[in-house]
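The values are calculated or read from the model by the stated rules, or taken from the named source; none is laboratory data. Source: prediction; values computed, not measured. No Cβ is skipped: glycine too gets one built from the backbone with ideal geometry, and neighbour counts run over all protein chains shown.
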């Protein structure tokens with residue numbers, strides 16, 4: 001199998017997971033596609049070496065995370081963020097927990113958000129999350145626990161609204 | 001409480017991850033990409049062709065086939081939906097999922113490769129073997145009918161796409177194949193193939209490529225499987241002006257995605273007639289939602305790319321199930337009509353795709 005064919009096969013097997021991961025990080029379909037395309041395009045020339053190392057999936061996940069963070073930094077320099085208005089809800093309508101969670105997730109700083117996605121979407125343990133995000137395991141654990149604490153508080157507020 | 005918060009995150013991500021995301025095709029380093037792009041840009045600007053026609057929705061550079069070859073026609077190149085190079089003379093592109101293959105122009109689609117297992121139900125002594133080589137339609141349901149097994153002499157030469165790694169049993173006759181991505185392109189030969197047949201099969205499998213857009217402008221994965229998805233940007237099909245090409249892209253849901261099953265490019269008068277048929281359809285929504293089976297998942301649809309003086313816009317045609325049937329340009333929903341159904345499902349000989357999932361009778365209503 002040629003390097004190009006092997007790369008195609010790897011992309012076919014991997015891109016759906018990377019796209020979903022990227023989407024959960026940036027919450028924008030087109031941006032997620034751009035991110036994954038940029039990452040995969042850059043990986044093509046290094047595919048043989050990365051594949052040989054056996055850590056290509058981790059590298060791709062890390063690259064997607066870094067690319068989203070990098071784009072966010074560029075956007076912050078170029079745009080003025082508007083305060084996000086909460087979705088209109090009727091006084092009696094209870095907001096589902098998953099909606100509260102998704103709203104909170106979109107407010108989290110990107111490394112914390114990545115840790116939460118890897119923990120609760122990909123079901124990874126903290127050691128693996130730390131490895132993928134290039135941070136100590138304790139930091140990954142702390143990111144997730146703080147996000148959970150914030151969500152509990154948010155859910156509690158919702159219950160008493 | 002901890003469980004509730006964790007569960008909320010899990011449910012939120014699971015819900016969001018169901019949003020159709022399609023696929024991407026990594027850009028490969030090209031030799032001299034900048035001179036090519038610059039030259040193309042100069043030519044296009046000189047011709048008044050919008051540069052965005054060279055770019056797909058993600059801003060990627062499409063293949064030079066986005067303009068027709070001036071050497072082939074002697075005319076100035078014009079915009080086209082195709083994302084593939086022009087086929088060899090006398091050949092055409094056929095595509096499925098993310099793989100396109102060139103076959104001789106006279107090859108048509110046929111269900112024979114998977115429907116022949118039930119040949120005896122019509123009381124015949126042998127199946128109706130197609131007279132000419134064909135492109136096999138996507139797999140359909142193979143009935144468990146106690147017909148005598150097919151004999152090698154009942155095999156006709158045909159092309160099919162198989163997922164790599166799927167065991168499909170011992171073939172009755174010789175096959176020639178090539179792996180492209182996660183697809184194996186297979187040409188099955190007759191019982192007594194000639195060297196010419198083998199060479200033809202090798203040429204076919206050797207032409208297989210991974211596609212970003214096929215010869216009708218179709219992408220490998222579409223959001224049409226999502227019943228609530230509508231074309232973006234929304235537009236008004238009645239305002240289509242000087243339609244030069246229409247790409248018909250048939251999708252079928254498989255797993256989480258809606259995958260390309262087959263396509264056809266209409267050009268010139270045929271394209272314009274199809275666009276007029278879309279515009280003339282009465283407003284409304286077809287189907288009988290009250291009689292829907294609960295949980296029925298619509299699986300089949302056609303994405304129509306309309307290329308006119310303004311560029312490329314899409315219309316979704318929903319033809320499966322009992323909800324939201326009809327044409328949708330993102331602004332207005334219209335009922336299916338015979339004029340829009342014939343070019344897709346009822347033209348003879350079939351040269352788009354047959355079988356599998358779509359009930360073409362809906363188009364007779």
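Residue count for the stretch B:224-239, restricted to those that are touching a helix residue (DSSP H, G or I) at 6+ places or on another chain (Cβ under 6 Å) and surrounded by fewer than 24 Cβ atoms within 10 Å (Cβ to Cβ): 2. Of all the numbered requirements in (1) over 21 Å from residue B:330 (Cα atoms); (2) within 18 Å of the chain's Cα centre (by Cα); (3) outside any loop (DSSP other than H, G, I, E, B), residue B:215 misses one, and that requirement is (3). For the stretch B:313-322, the count of residues that are at positive phi, at pLDDT below 80 and not in a strand (DSSP E or B) is nonzero.
Residue count for the stretch A:35-47 under the criterion of being within 8 Å of another protein chain (Cβ to nearest Cβ) and modelled with pLDDT under 80: the result is 2. Flag not set for residue A:100, criterion: facing another protein chain (nearest Cβ under 9 Å), within 16 Å of residue A:20 (Cβ to Cβ) and crowded, with 17+ Cβ neighbours inside 10 Å. When the stretch A:88-97 is limited to residues that are in contact (Cβ under 8 Å) with a residue 24 or more places away in the chain and under 16 Å from residue B:9 (Cα atoms), the one that is farthest from the other protein chains (Cβ to nearest Cβ) turns out to be A:95. Taking first residues from the stretch A:115-129 that are facing another protein chain (nearest Cβ under 10 Å) and outside any helix (DSSP H, G or I) and partners that are modelled with pLDDT of 90 or more and surrounded by fewer than 17 Cβ atoms within 10 Å (Cβ to Cβ), the Cβ contacts under 8 Å between residues at least 6 apart in sequence or on separate chains come to A:121/B:10. Residue A:71 meets the conditions (1) at pLDDT below 80; (2) within 13 Å of chain B (Cβ to nearest Cβ); (3) under 23 Å from residue B:17 (Cβ atoms) in every case but one. The failed one is (2). Taking first residues from the stretch B:1-14 that are facing another protein chain (nearest Cβ under 7 Å) and at positive phi and partners that are modelled with pLDDT under 90 and in a helix (DSSP H, G or I), no Cβ contact under 9 Å between residues at least 6 apart in sequence or on separate chains turns up. Per the listing A:27, A:32, the residue uniquely within 15 Å of residue B:13 (Cβ to Cβ), at the interface with another protein chain (Cβ under 8 Å from one of its Cβ atoms), surrounded by 22 or more Cβ atoms within 10 Å (Cβ to Cβ) and in contact with a helix residue (DSSP H, G or I) (Cβ under 9 Å, 6 or more places away or on another chain) is A:32. Within the stretch B:200-217, is even one residue buried (at least 19 other Cβ atoms within 10 Å of the Cβ), out of contact with any helix residue (DSSP H, G or I) (no Cβ under 7 Å at 6 or more places or on another chain) and at positive phi? For the stretch B:200-217, residues buried (at least 19 other Cβ atoms within 10 Å of the Cβ), out of contact with any helix residue (DSSP H, G or I) (no Cβ under 7 Å at 6 or more places or on another chain) and at positive phi: present.
Before we move on, is residue A:14 more than 13 Å from chain B (Cβ to nearest Cβ), closer than 28 Å to residue A:130 by Cβ and modelled with pLDDT of 70 or more? It is false that residue A:14 is more than 13 Å from chain B (Cβ to nearest Cβ), closer than 28 Å to residue A:130 by Cβ and modelled with pLDDT of 70 or more.
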